[in-house]
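A.B. asks: Have a look at the structure that comes next, please.
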2 protein chains.
Amino acid sequence: MTSQHDEWRELGQQLRVDSIRSSSAAGSGHPTSSMSAADLMAVLMSKYLHYDFGTPDDPRNDHLIFSKGHASPLLYAMFKAAGAIGDDEMLTFRRFGSRIEGHPTPVLPWVDVATGSLGQGLPISVGVALAGKRLDRLPYRVWCLCGDSEMAEGSMWEAFEQAGFHGLDNLTAVIDVNRLGQTGPTMHEWDLDAYRRRAEAFGWKAIEIDGHDVAAIDRAYARAIETTGQPTVIIAKTEKGHGVKAVADQPGRHGKPLDDPDAAIEELGGIRSIHVEVARPDFTGRPHAFPTTTLTLPSYEPGTKEATRKAFGDALVALGKARGDVVAVDGEVGNSTYTEEFAKALPDRFFQSYIAEQQMIATAVGFQVRGWKPFAATFAAFLSRAYDFVRMAAVSRANIALTGSHAGVSIGEDGPSQMALEDLAAFRAVHGSTVLYPSDPNQTAALVPQMADRAGIVFMRTTREKTPILYQPGEPFHIGGARVVRQTDDDAVTLIGAGITLHEALAAADALGAEGIAARVIDLYTLKPIDAETVRAAARETGAIITVEDHWPEGGIGDAVLECLAAEQPHPIVVKLAVRSMPGSGTPAELLAAAGIDATHIADSARELIGRAGARGRSGTEVGSGRRE
Amino acid sequence: MTSQHDEWRELGQQLRVDSIRSSSAAGSGHPTSSMSAADLMAVLMSKYLHYDFGTPDDPRNDHLIFSKGHASPLLYAMFKAAGAIGDDEMLTFRRFGSRIEGHPTPVLPWVDVATGSLGQGLPISVGVALAGKRLDRLPYRVWCLCGDSEMAEGSMWEAFEQAGFHGLDNLTAVIDVNRLGQTGPTMHEWDLDAYRRRAEAFGWKAIEIDGHDVAAIDRAYARAIETTGQPTVIIAKTEKGHGVKAVADQPGRHGKPLDDPDAAIEELGGIRSIHVEVARPDFTGRPHAFPTTTLTLPSYEPGTKEATRKAFGDALVALGKARGDVVAVDGEVGNSTYTEEFAKALPDRFFQSYIAEQQMIATAVGFQVRGWKPFAATFAAFLSRAYDFVRMAAVSRANIALTGSHAGVSIGEDGPSQMALEDLAAFRAVHGSTVLYPSDPNQTAALVPQMADRAGIVFMRTTREKTPILYQPGEPFHIGGARVVRQTDDDAVTLIGAGITLHEALAAADALGAEGIAARVIDLYTLKPIDAETVRAAARETGAIITVEDHWPEGGIGDAVLECLAAEQPHPIVVKLAVRSMPGSGTPAELLAAAGIDATHIADSARELIGRAGARGRSGTEVGSGRRE
């Protein structure tokens, strides 16, 4: 026992007291889940954490991520102790307009990512640690505080697996085993060995300790930073609500302020105002920079065919060569998404996530914490596996680019398990997202570099099938645009498609043109933000719109078009063609026909609609590409 | 070595040959991934599987689930060997209209669930095994064939954790460790011990074998069925493409027919037509039936307040008492979703998933395989964690009821990580789904029993806050309905809300009424299928619609309304009020106001819209509930 130990204990008590104070001021929050981990964090911030709170963007800083984000009172109490925020601001916890939110978000400069959906902080920590080892190549450390309840999330074991596989000895996870979840005991309660066996099986060094013994905590951190070649997990037996008899290890105390905070604070020895001088980074160095060349995008010759997924892969390689900050992550389908080209050309910046889509997104989020520009790719259908990670990435204000290949029934024989038919809806409903669905390889190539500079979650849907080259190499396309591919002054109907269905719409326009019906055709290569002006002009000028999408009827191209017409008067008749019954196997052409989204059905629908609206069809003229861009 | 062993080897060769034949006929598919597991399945179906192919709905049947769904050629070859399908039908593999789809789906009566999104078959198998132990109480066994690549999915470890925790000794997983994934070697290649250590750490019996040694396979199954108190995993070292030199253990052979199928078939000893008489269930007994009473739904007194989440919990207990087939699963938030009431009242039919939402949905899917009526609940935000499982449940034609509580900014202080703001979009975009968002506790109670009888994925969004009781106990509400809450002959605008926003719309209508502006108010308690007639009538009669939702603008109430108006002429002006910036913490009232979806903003929007449209507002009259139901 030393005076240092006493100081740590005192700091632990302060962190408890402040957790009680902030949550009592708020009238809600999770003081007891904070109190269990207070000693663990007191020792960490006093001796092991290296972080310059005055310069949160110093690339040499350690990273501290609360995977158990509901222990936010503890995190804010640490920020106060470190002098990053004042006591007054700490006490604005959970108030409207305060940046001291219910769960941590990066509106605070010392918070890397939003947490609060359990099981995400550790996977993201793995991404940050991987960036430290393989991208930045700096010896900063990543510390992650985990709850015991969240160990039931499979994503935690994806993270254990990947961290063990990559030997991330710059990563230390701390499991706050306080035995009690929201509604009752956890599966393993205080069986620390249960966690140890699992962690060791996944290749981690595991250290069991009493999480309220500051000397043991100190020794555990010391062992963690000495450990090489593998990550370390400190499995700490703690008491929820430790230090206050009324709540310590008591059920029914999750997520509630204390009934008698004053008595509890007194029991803990009263309010303190210990300031901790957190150590600054103790090494020199800058993040590694990869060599670059000038950007030369791939090009595809009109008259030939290529798949947009291939163009994505080609363009990503070109972008990666031109920008050293671009990195790629894939879910073990790189020969389908075509990130395999990036893997071959730029292996130092390619990361194999294996079949672990949640970890794939978390890795991307972790990379962008450190300023890298990640592109993550798998089948669009399998991005749905990580939807909560994408949702939380938006709360984290993360900038990540995602590409989903093999969308829709047009993938053909593999059947519905592999067909993304809800991805456009899901990604449109992510806050601040961008949703791209290019129809042409040259267009795809033009958009890929813009994805890297776009804020937020940027999703590109690519197509499995090879489709005809529509546009010239080098033609300009921008996020937020739409392209009028055909237009006359006499258009009787507008056909709006994107990706595979644009080609069906063009074929339908050909058929209609042969009958003297002019159809405008719009390539809606950006669903969000939509080019509302182009759509509204078509609505005014043709009075009838048919949207065609290889997607369920909800939330895709049709709904994006309807939204931007909501207040239009007069309003065109809009017919949505979409996939409305569960597909099976078949050729792409058979399945497009069965879904009623092929050229034949589009043309039929146009004839029917024009008949309904009172036809004004005349001879259609091909106007070529380039208008109204 | 016995003649039985020879027979099994011959059967294994037949399964390989047939896998090659079907994929060659299709021109696509996964023969090499089938060939690795052929011996494992040959022994299983010859000696251990108990299944009456003539009576697939016999409750005593074992269950065989291919978690590695891409090995469908092997599954279909087994069905042929068992006489369930003919050779001709097997060779329709992947053809349009054939039920021999690219990945298995329940269009075949012997397939319990669709697989093909990896990492789902084992979690669902856990659900079926749990049904066998705790619901049906029948000694059928569940056999699950897993790929080694999919072991990287966290959902597999959720399944390992839950199966170990529940001691499911009626479950046997077989990992086909063929070393090669789609693009290259797996993380652990042929390191069988890596899998063994992990499985044992999670409480499983693990048996390592050579997966091409039929005697070893036989012994492993024998040990599996002798093992009590824990599930068993057989970790089998195999060769991808085993038996054909050109492809055996070769990279680049995933998901492709063989180049020279005739030579391969010759190498394997030619086409065979072995018939296997699969053993039938060898026990008598019927599924356990739980006692029931008559249905007495809870009721809530007009003039009081209650949260719809509480009404859901109350109604679920009532339904559970009346129907012995209703079961509940929760993600360790039962005191938030109010499934805790079911857990207390009917503990034998309550299942704690802990914080493992993917396993929660998989358990529900497994239960419905056996005819149970599962209700699964967590925060609506956290259902996004299992979106791929929900997507696949739709492909499985599963009937499951899901309830998501704590939707929207109106949850208040906890902040955006806990706020579902994309759930309506996500669930509307699930094929065949039903999306409910009740506004009142009595209405909620009326809808809950209907959820149990509804086919497909049925989602109910509940509200955290207590809201005023609007409707009388016992008033009828049906899935697919909407309720006109206020209506006059002079309505100048229609306000459409649901859940929390209906109450804001009613307050706005009050404010407008005081100014002489009559507003119709519609309670859109079913978003899908939407009551299009009620919406269209309002559009015709008022000419202006304001939708209000505690949700991002995409894919929710506003888009559901726009869709059913797409072809209306004349078309009303529609204004969508929705959450458009990232919320923080605050009181529900503060956050509703900040999002522009409270009564004040609705009324302002109505005034502006009426001004735009040319006001025809007159005095509004409360018409009470009950019209146009």
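The values are calculated or read from the model by the stated rules, or taken from the named source; none is laboratory data. Not measured: the values here are computed from a predicted model. Please note: Cβ atoms are built from the backbone with ideal geometry, for glycine as well, and neighbour counts cover all protein chains shown. Quick note on the areas: whole protein, heavy atoms, side chains included, nothing else; ligands and nucleic acids left out. Shrake-Rupley method; radii C 1.70, N 1.55, O 1.52, S 1.80 Å.
A.B. asks: So which pairs qualify, if the first residue must be in segment A:325-336 and within 7 Å of chain B (Cβ to nearest Cβ), the second must be open to solvent by 10 Å² or more (accessible area, probe 1.4 Å) and among the aromatic types (F, W, Y), the Cβ gap must be under 7 Å, and the two must be at least 6 apart or on different chains?
C.D. replies: Pairs that qualify, where the first residue is within 7 Å of chain B (Cβ to nearest Cβ) and the partner is open to solvent by 10 Å² or more (accessible area, probe 1.4 Å) and among the aromatic types (F, W, Y), are A:E332/A:Y354; A:V333/A:F379.
A.B. asks: Something else about it: Among the residues of segment B:367-377, is there at least one that is in contact (Cβ under 8 Å) with a residue 40 or more places away in the chain, within 8 Å of another protein chain (Cβ to nearest Cβ) and aromatic (F, W, Y)?
C.D. replies: no
A.B. asks: Taking into account only those residues within segment B:554-570 that are surrounded by fewer than 20 Cβ atoms within 10 Å (Cβ to Cβ) and at the interface with chain A (Cβ under 9 Å from one of its Cβ atoms), which is nearest to A:S605 (Cα to Cα)? If you could, list the steps in order and put the result at the bottom.
C.D. replies: Taking segment B:554-570 as the starting set, the residues that turn out to be surrounded by fewer than 20 Cβ atoms within 10 Å (Cβ to Cβ) are B:564, B:567-570.
Subsequent filtering for residues that are at the interface with chain A (Cβ under 9 Å from one of its Cβ atoms) retains B:567-570.
On the way: B:A567: 13, B:E568: 16, B:Q569: 18, B:P570: 20 Å.
Filtering segment B:554-570 for residues that are surrounded by fewer than 20 Cβ atoms within 10 Å (Cβ to Cβ) and at the interface with chain A (Cβ under 9 Å from one of its Cβ atoms), the one nearest to A:S605 (Cα to Cα) comes out as B:A567.
Residue-wise test of (1) open to solvent by less than 10 Å² (accessible area, probe 1.4 Å); (2) within 25 Å of the chain's Cα centre (by Cα).
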position: B:S67; (1), (2): yes, yes
position: B:A77; (1), (2): yes, no
position: B:A82; (1), (2): no, no
position: B:D87; (1), (2): no, no
position: B:A114; (1), (2): yes, yes
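A.B. asks: Given the conditions (1) within 14 Å of chain A (Cβ to nearest Cβ); (2) open to solvent by less than 10 Å² (accessible area, probe 1.4 Å); (3) in contact (Cβ under 8 Å) with a residue 40 or more places away in the chain, report the number of the one that B:S417 does not fulfil.
C.D. replies: (3)
A.B. asks: Right, here's the next one. Of all the helices (runs of 4 or more DSSP H) wholly in segment B:1-97, which have at least 3 residues that are under 17 Å from B:W110 (Cβ atoms) and within 14 Å of another protein chain (Cβ to nearest Cβ)? Steps first, please.
C.D. replies: Working: elements: B:3-26, B:31-35, B:38-43, B:72-81, B:87-90.
Passing ranges, in order: B:72-81.
A.B. asks: Taking the condition of being in contact with a Lys or Arg (Cβ under 9 Å, 6 or more places away or on another chain), open to solvent by less than 10 Å² (accessible area, probe 1.4 Å) and either facing another protein chain (nearest Cβ under 7 Å) or not in a helix (DSSP H, G or I) (or both), how many residues in segment A:394-414 meet it?
C.D. replies: 9
A.B. asks: Shifting gears a bit: When segment A:145-159 is examined, which residues are found to be within 7 Å of chain B (Cβ to nearest Cβ), open to solvent by less than 10 Å² (accessible area, probe 1.4 Å) and under 20 Å from A:S36 (Cα atoms)?
C.D. replies: Result: A:E150, single match.
A.B. asks: If we only count strands (runs of 3 or more DSSP E) wholly inside segment A:454-510, which ones have 1 or more residues that are aliphatic (A, V, I, L, M), closer than 24 Å to A:A589 by Cβ and over 27 Å from the mean Cα position of the chain (by Cα)?
C.D. replies: Fully inside segment A:454-510 and qualifying: A:483-486, A:493-497.
A.B. asks: Pull up segment A:571-590, narrow it to residues that are open to solvent by 10 Å² or more (accessible area, probe 1.4 Å) and more than 7 Å from chain B (Cβ to nearest Cβ), then point me to the one that is nearest to A:V521 (Cα to Cα).
C.D. replies: The extreme case among them is A:L577.
A.B. asks: Suppose the filter is assigned to a helix (DSSP H, G or I), at pLDDT 95 or above and within 13 Å of chain B (Cβ to nearest Cβ); does A:E189 pass it?
C.D. replies: For A:E189, the condition - assigned to a helix (DSSP H, G or I), at pLDDT 95 or above and within 13 Å of chain B (Cβ to nearest Cβ) - is not met.
A.B. asks: Being surrounded by 12 or more Cβ atoms within 10 Å (Cβ to Cβ) and polar (S, T, N, Q) narrows it down to one of A:T304, A:T292, A:T296, A:T284, so name that one. Even if it seems obvious, please write down each step before you answer.
C.D. replies: Values: A:T304 fails: surrounded by 12 or more Cβ atoms within 10 Å (Cβ to Cβ); A:T296 fails: surrounded by 12 or more Cβ atoms within 10 Å (Cβ to Cβ); A:T284 fails: surrounded by 12 or more Cβ atoms within 10 Å (Cβ to Cβ).
Of the residues listed, the single one that is surrounded by 12 or more Cβ atoms within 10 Å (Cβ to Cβ) and polar (S, T, N, Q) is A:T292.
A.B. asks: What is the residue count in segment A:115-157 for residues that are of a type in the set (A, V, I, L, M, F, W, C) and assigned to a helix (DSSP H, G or I)?
C.D. replies: So the answer is 12.
A.B. asks: Only one of A:A511, A:A505, A:A544 is surrounded by 24 or more Cβ atoms within 10 Å (Cβ to Cβ), touching a residue at least 60 places away in the same chain (Cβ under 8 Å), within 23 Å of A:T467 (Cα to Cα) and more than 9 Å from chain B (Cβ to nearest Cβ); which?
C.D. replies: Going through A:A511, A:A505, A:A544 in turn, the sole match is A:A505.
A.B. asks: Related question: Just one of A:S410, A:S353 is farther than 22 Å from B:Q358 by Cα, hydroxyl-bearing (S, T, Y) and touching a residue at least 60 places away in the same chain (Cβ under 8 Å); which is it? Explain how you work it out, then say what you get.
C.D. replies: Values: A:S353 fails: farther than 22 Å from B:Q358 by Cα.
Among A:S410, A:S353, only A:S410 is farther than 22 Å from B:Q358 by Cα, hydroxyl-bearing (S, T, Y) and touching a residue at least 60 places away in the same chain (Cβ under 8 Å).
A.B. asks: For the subset of segment B:214-247 comprising residues that are touching a residue at least 40 places away in the same chain (Cβ under 8 Å), open to solvent by 20 Å² or more (accessible area, probe 1.4 Å) and outside any helix (DSSP H, G or I), which member is nearest to B:Y48 (Cα to Cα)?
C.D. replies: Only one residue tops the list, namely B:T228.
A.B. asks: Mind listing just one residue for me: the one in segment A:519-541 that is among the basic types (K, R) and more than 11 Å from every other protein chain (Cβ to nearest Cβ) and, of those, surrounded by the most Cβ atoms within 10 Å (Cβ to Cβ)?
C.D. replies: So in segment A:519-541, the residues among the basic types (K, R) come out as A:520, A:528, A:536, A:540.
This time we only want the ones that are more than 11 Å from every other protein chain (Cβ to nearest Cβ), so: A:520, A:536, A:540.
On the way: A:R520: 29, A:R536: 16, A:R540: 11.
Filtering first and then ranking leaves A:R520.
A.B. asks: Sticking with this one: How many residues are open to solvent by 40 Å² or more (accessible area, probe 1.4 Å) and more than 8 Å from every other protein chain (Cβ to nearest Cβ) when one looks only at segment B:192-204?
C.D. replies: Of the residues in segment B:192-204, 2 are open to solvent by 40 Å² or more (accessible area, probe 1.4 Å) and more than 8 Å from every other protein chain (Cβ to nearest Cβ).
A.B. asks: Could I ask something else about it? Looking at this structure, is B:D169 among the charged types (D, E, K, R) and assigned to a helix (DSSP H, G or I)?
C.D. replies: Against the criterion (among the charged types (D, E, K, R) and assigned to a helix (DSSP H, G or I)), B:D169 does not qualify.
A.B. asks: Within segment A:591-609, how many residues are assigned to a helix (DSSP H, G or I) and either β-branched (V, I, T) or more than 8 Å from every other protein chain (Cβ to nearest Cβ) (or both)?
C.D. replies: 13
A.B. asks: Here's something else I'd like to know. B:D348: surrounded by fewer than 24 Cβ atoms within 10 Å (Cβ to Cβ), more than 13 Å from every other protein chain (Cβ to nearest Cβ) and under 26 Å from A:M151 (Cα atoms), yes or no?
C.D. replies: yes
A.B. asks: Answer with yes or no whether A:G516 is in contact with an Asp or Glu (Cβ under 6 Å, 6 or more places away or on another chain) and either open to solvent by 10 Å² or more (accessible area, probe 1.4 Å) or assigned to a loop (DSSP other than H, G, I, E, B) (or both).
C.D. replies: no
A.B. asks: For a quick check of your reading of the model, give me the residue pairs whose first member lies in segment A:394-405 and is closer than 17 Å to A:E340 by Cα, whose second is open to solvent by less than 10 Å² (accessible area, probe 1.4 Å) and basic (K, R), with beta-carbon atoms closer than 6 Å and at least 6 apart or on different chains.
C.D. replies: A:G404/A:R461
Residues are listed down the side, and each one gets a yes or a no for (1) within 22 Å of A:V548 (Cβ to Cβ); (2) open to solvent by less than 10 Å² (accessible area, probe 1.4 Å); (3) touching a helix residue (DSSP H, G or I) at 6+ places or on another chain (Cβ under 7 Å):
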| residue | (1), (2), (3) |
| --- | --- |
| A:Q359 | no, yes, yes |
| A:W372 | no, no, yes |
| A:F382 | no, no, yes |
| A:A386 | no, yes, yes |
| A:P441 | yes, yes, yes |
| A:L447 | yes, yes, no |
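A.B. asks: State whether one or more residues within segment A:99-122 are of a type in the set (D, E, K, R) and facing chain B (nearest Cβ under 7 Å).
C.D. replies: Yes, segment A:99-122 contains at least one residue that is of a type in the set (D, E, K, R) and facing chain B (nearest Cβ under 7 Å).
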